[in-house]
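Data first, discussion second: the structure below is written as structure tokens.
The values are calculated or read from the model by the stated rules, or taken from the named source; none is laboratory data. Please read these numbers as outputs of a predicted model, since none were measured by experiment. Cβ placement follows ideal geometry from the backbone for every residue including glycine, while neighbour counts extend to all protein chains displayed. All accessible areas refer to the heavy atoms of the entire protein, side chains included, with ligands and DNA or RNA removed. Shrake-Rupley method; radii C 1.70, N 1.55, O 1.52, S 1.80 Å.
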Amino acid sequence: MKLATLRDGSRDGRLVLVNKALTRCTEAAHIAPTLQAALDTWDEVAPKLATLAESLEHDAVPSMRFHEHDALSPLPRAYQWADGSAYVNHVELVRKARGAEMPPSFWTDPLMYQGGSDSFLAPRDPIRMADEAWGIDMEGEIAVITGDVPMGASREEAAAAIRLVMLVNDVSLRGLIPAELGKGFGFFQSKPSSAFSPVAVTPDELGDAWDGAKLSLPLSVDLNGEAFGRAEAGIDMTFDFPTLIAHAAKTRPLGAGAVIGSGTVSNKLDGGPGKPVAEGGVGYSCIAEIRMIETIETGTAKTPFMRFGDTVRIEMQDRDGHSIFGAIEQTVEKHD
């Protein structure tokens, strides 16, 4: 089933079920008023939501037109947002561009940071920033929402806790990152509010593209209407979602509604860094990556970060060309 949260003037919106074509939706408040409420009682409400979703597909319940512009992020705020770096190719390029060695542990122990989860952007909200010099970048990612995960969970327990899958634009301010990391205390100002896809889906909606641990489809990232990235999410994923969840739960339990991100989807090409889509490659899911490759190859980064007026669109289609999660589409605006 596919779930979305519509604007209703409240912080947490109201839960609706969306049909497979993303064209119609039906109210689910009589089952659970919000997605968080549904996740809190998932074992009880999931069968009821599934029955309602089936009725929606057969036009057997009242429905209305589903407009992605009316959707908030599926969880407009969450108790937990932890973003991994599952595609180690991305990390390797970042470090290589600045002349840093890659510690061997990066291939065996996931990187993860705890992001701000009190104010996620809606998928069509603008990205408002005060200064272009902050190095405004998008990061196209996959994320899962979990149920309750016990501390010290095994990989199998972590896999069983995955409830929903969605897309992410993990906005990053590249110009602020070096100074923050230099303090040795992690990201904060350099990681503003993220945005998630209009719809979150249960894993069964993904068919054989979901193997219980990762999603094997291309992630489309367009910048100003041009293809920027088409990286395969199922390739070069060093750490799958159960591994990331178990890592996050090593020393603490995760509450229902925890959001775990994959990090920037990134592919190698013939053992080396990727190529732009225009040159026959699969491109990139963030601007920083092409700048890293430019730096490695020429000594200078040429592609600018996002500027006021630039628009990014992040979407994933199934093998028949149908949008699965709807689109994140955001324009950078100046914040006064």
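Each of residue 108 and residue 43 was given a label point 7 Å from its Cα along the Cα-to-Cβ line. The distance between the two points is 3.7 nm.
For the peptides 274-282, 27-35, the ranking by mean Cβ contacts within 10 Å, running from highest to lowest, is 27-35, 274-282. Most tightly packed first, judged by the mean number of other beta-carbon atoms within 10 Å of their residues, the peptides 142-150, 49-57 read 142-150, 49-57. The phi torsions of the stretch 223-238, fed into the Karplus equation with coefficients 6.51, -1.76 and 1.60 and a -60° offset, translate into couplings of 10, 6, x, 10, 4, 10, x, 9, 5, 7, 5, x, 9, 6, 8, 5 Hz, rounded to whole numbers, with Gly and Pro shown as x. Accessible surface area normalised per residue over the stretch 157-259 is 38 Å², counting heavy atoms of protein chains with a 1.4 Å rolling probe.
For the stretch 2-66, what is the accessible area per residue in Å² when the probe is 1.4 Å?
Numbers: 3220 Å² over 65 residues.
Roughly 50 Å² per residue, with all protein chains present.
Which whole-number percent gives the relative contact order of the stretch 239-304, counting Cα pairs below 8 Å spaced six or more residues apart? Can you show the working numbers first?
Numbers: 47 pairs, mean separation 11.9, N = 66.
Once divided by the residue count of the stretch 239-304, the mean separation gives 18 percent.
May I ask which of 250/275; 2/214; 20/268; 302/334; 48/214 have a Cα-Cα span longer than 29 Å here? Mind showing how you got there, number by number?
On the way: 250/275 37 Å; 2/214 18 Å; 20/268 32 Å; 302/334 23 Å; 48/214 27 Å.
Beyond 29 Å between Cα atoms: 250/275; 20/268.
The C-alpha atoms of the chain define a longest principal axis, and helix 88-97 lies at about 30 degrees to it.
Just the number, please: carbon plus sulfur as a percent of the accessible area of the stretch 73-334, 1.4 Å probe, no ligands or DNA/RNA counted. Write out the running numbers ahead of the final one.
Values: 5360 of 10690 Å².
It is 50 percent, rounded to a whole number.
The long axis of helix 42-57 is offset from the longest Cα principal axis of the chain by roughly 80 degrees.
Tell me the trypsin sites (Lys or Arg not before Pro) within the stretch 87-184 that lie in a loop according to DSSP and have at most 10 other beta-carbon atoms within 10 Å.
Values: sites: 95, 96, 98, 124, 128, 155, 163, 174, 183; in loops: 98, 124, 174, 183.
The qualifying sites are 98, 183.
Only helical runs count toward this figure. For the chain, summing -39,500 (n - 2.57) over DSSP H runs of n ≥ 4 and dividing by all residues gives -5500 deg cm²/dmol at 222 nm. What relative contact order, as a whole-number percentage, does the stretch 5-75 give when Cα pairs under 8 Å and 6 or more residues apart are counted? Contact order relative to length: 39 percent.
Each residue of the stretch 124-133 is assigned a 3J(HN,Hα), and the resulting list reads 10, 6, x, 9, 9, 9, 7, 8, 5, 5 Hz, derived from the Karplus form 6.51 cos²θ - 1.76 cosθ + 1.60 (θ = phi - 60°), x at Gly and Pro.
Taking loop as defined by DSSP and a crowding limit of 12 other beta carbons within 10 Å, which trypsin sites (Lys or Arg not before Pro) in the stretch 236-329 fit? Before the final figure, lay out each step's value.
On the way: sites: 250, 268, 291, 302, 307, 313, 319; in loops: 250, 268, 302, 307, 319.
When the trypsin sites (Lys or Arg not before Pro) of the stretch 236-329 are filtered for loop state and at most 12 Cβ neighbours within 10 Å, 250, 302, 307, 319 remain.
Report the relative contact order of the chain, percent, no decimals, based on alpha-carbon pairs under 8 angstrom and at least 6 residues apart. Across the chain, relative contact order equals 22 percent. Relative to the longest principal axis of the Cα atoms of the chain, the long axis of helix 287-298 makes an angle of roughly 20 degrees.
In loop segments of the stretch 177-281 as defined by DSSP, the chymotrypsin sites (Phe, Trp or Tyr not before Pro) with at most 15 further C-beta atoms inside 10 Å of their C-beta are 185, 188.
I'd like to know which of 30, 17, 169 lies farthest towards the positive end of the charge dipole of the chain, counting +1 on Cβ of Lys and Arg and -1 on Cβ of Asp and Glu. My answer, from the dipole projection, is 169. Each residue of the stretch 149-164 was assigned a 3J(HN,Hα) from its phi angle through the Karplus curve 6.51 cos²θ - 1.76 cosθ + 1.60 (θ = phi - 60°); the sequence is 10, x, 4, x, 4, 6, 4, 5, 5, 5, 4, 5, 8, 6, 9, 9 Hz, with glycine and proline shown as x. The H on the amide N of residue 283, modeled in the peptide plane, is under 5 Å from the matching H of 230, 275, 277, each at least 5 residues off or on a different chain.
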